Amino acid sequence: MRRYIIKLLARQFWQDAFRSKVMFIASILMLFLLVFSAYSGWENYHDQNFVRDEIQHEVQESWENNPDKHPHRMAHYGSFAFRLKHILSVFDLGMENFVGNAVFLEAHKQNTVNFSEASMSTGLLRFGEVSLAMLLKVIVPLLIFYLGFATIAKERENGTLKLLIGQGITRKEIVFGKWLGLWSLSLIFLSTIFLVLLFFVLIESHDAVNADSIFRYVILLIAYVLFFGILSAITILVSAFSVTAKGALVKLLGIWLLFVIIVPKSLQAMGFYLYPTPSKIEMETAVEHDLMQLGDSHNPDDPHFKALKDSVLLANNVTDIADLPFNYGGFVMSKGEALSANVYLEHQAKLYKVYGKQNNLERYSAFINPYTAIKNLSMAFSGTDFQSFLHFKDKAEAYRFNLAQEMNQLQMDLIPNKGKAGPNAISNDYWKEFPPFEYQFMTVSNVFKNELTSLLALLLWSVWSIFGLLKLSTNLKAI
């Protein structure tokens, strides 16, 4: 293969594309959508994070400004955890608007994450919002198919393809020249959007956030470059094996509908049908049933905790809880908290397993649909996928459990047992010693582990695309 011939054919493709009014109109439309999605994405990110961060500070101040009181009352007073948005959520909204962003943290209970955008919006949100990633995942693939459907099919119809081969240009040079032209043309849209995104990433003030964000940014850029290369190869292949240019266009539009709409939506519905999830009421009822089976730590006559009291008295060689070297009430609350937390975690693990089966049904379809692979990678590295939400939820639960157990420990250490002289409240200085909730985003290595299937699928599609182009180079028909 002669490289200069391939570059010449690619340059010719560019010239033909820019002579077309379609390219001009598409560029104007993309510019308008780019400005709108970038502005709305940045405003949403900045405003939401500012509000959530401010409220998180207010929550911490409210916690620290509580007066002297009993530690168990503070455990029930609780706190809030707010989920901050990753800077790359400017690029891909993902599930951002459909999952909650705040959770109330209190003793003995795990609350759901609430206040999602979808819960406070109309049903129109289900149609999606314009984002930078949506332009690259939905609009640009359609443009690639439209700009490239006639690449080979029309030249065969016009007899141009036969003339090129007659002039000594090999089939391989024609195929890869056309592919390079279409792929490099699509990278104009890609580079424009990623330059805007890079600006947003760089204006972040925190060095640690920048390092993580830039790494994620690079991975996203590489993934989309490969994705556009795959789509360009599919376009060339369909055009080459179609009898007419019109037939190629119809086939490519059908492929776009399958990739972007039909297959993802069908698999989502199938996943819910095959692996149904319990409703919120069913979940809460099941948890409450198991908690009742364990016993009530607030009830002194509960059989389980009565047996616990007898064992504690025996272990400490005393006959009355007033003689224990620690506050028995705090001890019981600590044990009850650990038991109830385990019940919640067991039910959540079962629910997450069902969610995992639902998601895997679509995730594995990435081997037959490259759109699924790029969609999952785009959301994951933007910090807007379901796993990122679960990561926040797990961190919030760990904070809640530590808070409750810290209050229980303070009660054990500083509050005397009933019948003994001593204070029934402790200084509010102890509230100030407990650290505020600070959420750290999932590490990039964990994101890689979660999206290994999507990464492999995208790489395999890249290999298949090159193989398909090489195969076409030997079987391309001139007439």
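The values are calculated or read from the model by the stated rules, or taken from the named source; none is laboratory data. What you are looking at is a predicted structure, and each value in this text was computed from that prediction instead of being measured. Every residue, glycine among them, receives a Cβ derived from its backbone with ideal geometry; neighbour counts consider all protein chains shown. For the accessible areas, the whole protein counts, side chains as well, though only heavy atoms, and no ligand, DNA or RNA atoms are used. Shrake-Rupley method; radii C 1.70, N 1.55, O 1.52, S 1.80 Å.
Any chance the range 60-74 includes a residue that's touching a Leu at 6+ places or on another chain (Cβ under 8 Å), open to solvent by less than 40 Å² (accessible area, probe 1.4 Å) and not aliphatic (A, V, I, L, M)? Looking through the range 60-74, at least one residue is touching a Leu at 6+ places or on another chain (Cβ under 8 Å), open to solvent by less than 40 Å² (accessible area, probe 1.4 Å) and not aliphatic (A, V, I, L, M). Against the condition in a helix (DSSP H, G or I) and open to solvent by less than 10 Å² (accessible area, probe 1.4 Å), how does residue 398 come out, does it pass? Here the answer is no, as residue 398 does not meet what is asked.
The requirement of being in contact with a Pro (Cβ under 8 Å, 6 or more places away or on another chain) and of a type outside the set (A, V, I, L, M, F, W, C) is not satisfied by residue 342. The combined condition, being open to solvent by 60 Å² or more (accessible area, probe 1.4 Å) and at pLDDT below 90, is fulfilled by residue 323. Only one entry of 48, 56 meets the criterion of being assigned to a helix (DSSP H, G or I), modelled with pLDDT under 90 and open to solvent by 20 Å² or more (accessible area, probe 1.4 Å), and that entry is 48. Within the set 420, 357, the sole residue that is touching a residue at least 12 places away in the same chain (Cβ under 8 Å), farther than 30 Å from residue 65 by Cβ and surrounded by fewer than 17 Cβ atoms within 10 Å (Cβ to Cβ) turns out to be 357. Across the range 98-144, the number of residues qualifying as within 28 Å of residue 194 (Cα to Cα), open to solvent by 50 Å² or more (accessible area, probe 1.4 Å), modelled with pLDDT of 80 or more and part of a loop (DSSP other than H, G, I, E, B) comes to 1.
Annotation note: Cβ proximity below 7 Å between a residue of the range 252-266 that is more than 17 Å from residue 358 (Cα to Cα) and a residue that is open to solvent by less than 40 Å² (accessible area, probe 1.4 Å) and hydroxyl-bearing (Ser, Thr, Tyr) (sequence gap 6+ or interchain) occurs for 252/235; 259/371; 260/371. In the set (1) more than 18 Å from the chain's Cα centre (by Cα); (2) more than 30 Å from residue 68 (Cα to Cα); (3) open to solvent by 70 Å² or more (accessible area, probe 1.4 Å), the condition left unmet by residue 476 is number (3). Taking (1) within 22 Å of residue 7 (Cα to Cα); (2) open to solvent by less than 20 Å² (accessible area, probe 1.4 Å); (3) over 27 Å from the mean Cα position of the chain (by Cα) in turn, residue 147 satisfies each apart from (2).
Restricting to the range 423-462, what's the tally of residues that are part of a loop (DSSP other than H, G, I, E, B), acidic (Asp, Glu) and open to solvent by 60 Å² or more (accessible area, probe 1.4 Å)?
As a first pass, look at the range 423-462 and keep what is part of a loop (DSSP other than H, G, I, E, B): 423-425, 427-428, 434-443, 451.
Adding the requirement that they be acidic (Asp, Glu) leaves 438, 451.
The next check asks that each one be open to solvent by 60 Å² or more (accessible area, probe 1.4 Å); those that pass are 438.
The qualifying residues number 1.
Just need a number here: residues in the range 251-270 that are under 13 Å from residue 362 (Cα atoms) and either in contact with a His (Cβ under 7 Å, 6 or more places away or on another chain) or not hydrophobic (A, V, I, L, M, F, W, C) (or both). Can you show your working first?
Filtering the range 251-270 for residues under 13 Å from residue 362 (Cα atoms) gives 259-270.
Subsequent filtering for residues that are either in contact with a His (Cβ under 7 Å, 6 or more places away or on another chain) or not hydrophobic (A, V, I, L, M, F, W, C) (or both) retains 264-266, 268.
The total comes to 4.
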